[in-house]
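Take a look at the structure set out below.
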Amino acid sequence: QVQLVESGGGLVQAGGSLRLSCAASGRTFSSNAVGWFRQAPGKEREFVAGNGGVTFYDDSVKGRFTISRDNARNTVFLQMNTLKPEDTAVYYCALRLSTWATRARRDYAYWGQGTQVTVSS
């Protein structure tokens, strides 16, 4: 059974930075795609960034967020810079049982519990 555990969330002022981590256990994920999603209150969970085959981002975070992974540590990261209040959400990492990342939530088999990111104005 795969477990994903996010960490690194918190409260930050607008313009600040945070680095989220997602540690995977139960499966070596070097050949699997990973993604970051977020869900703000009252909104659908939305795609943020994906890594697997290619790396790509939602337009709302392009140029500010960077997804990376350390396969030796079974960990994926999301570096978030120049944060905005509209980035406030619970952030989730997800693992897909495929090499290729996608934007679709339904394509990801495993999810973490989420970590809260709050950006104050």
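The values are calculated or read from the model by the stated rules, or taken from the named source; none is laboratory data. The structure displayed is predicted, hence computed values, not measured ones. Heads up, the Cβs are rebuilt from the backbone with ideal geometry, glycines too, and the neighbour counts pull from every protein chain shown. Calculation scope for accessible area: heavy atoms of the full protein, side chains included, ligands and nucleic acids excluded. Shrake-Rupley method; radii C 1.70, N 1.55, O 1.52, S 1.80 Å.
Summary table
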{"item": "Long-range neighbours under 6 Å by Cβ, at least six apart or interchain, first residue among the polar types (S, T, N, Q) within the range 59-75, second open to solvent by less than 20 Å² (accessible area, probe 1.4 Å) and not in a loop (DSSP other than H, G, I, E, B)", "result": "SER68/PHE77; ASN74/ALA24"}
{"item": "Selection from the range 40-73 of residues that are touching a Lys or Arg at 6+ places or on another chain (Cβ under 9 Å) and among the charged types (D, E, K, R)", "result": "GLU44, ARG45, GLU46, ASP58, ARG64"}
{"item": "Positions within the range 68-96 being under 11 Å from the mean Cα position of the chain (by Cα), open to solvent by less than 50 Å² (accessible area, probe 1.4 Å) and within 22 Å of ALA14 (Cβ to Cβ), in sequence order", "result": "PHE77, LEU78, MET80, VAL90, TYR91"}
{"item": "Selection from the range 98-116 of residues that are of a type outside the set (Lys, Arg), in a loop (DSSP other than H, G, I, E, B) and within 16 Å of GLU46 (Cα to Cα)", "result": "ALA101, THR102, ALA104, TYR108, ALA109, GLY112, GLN113, GLY114"}
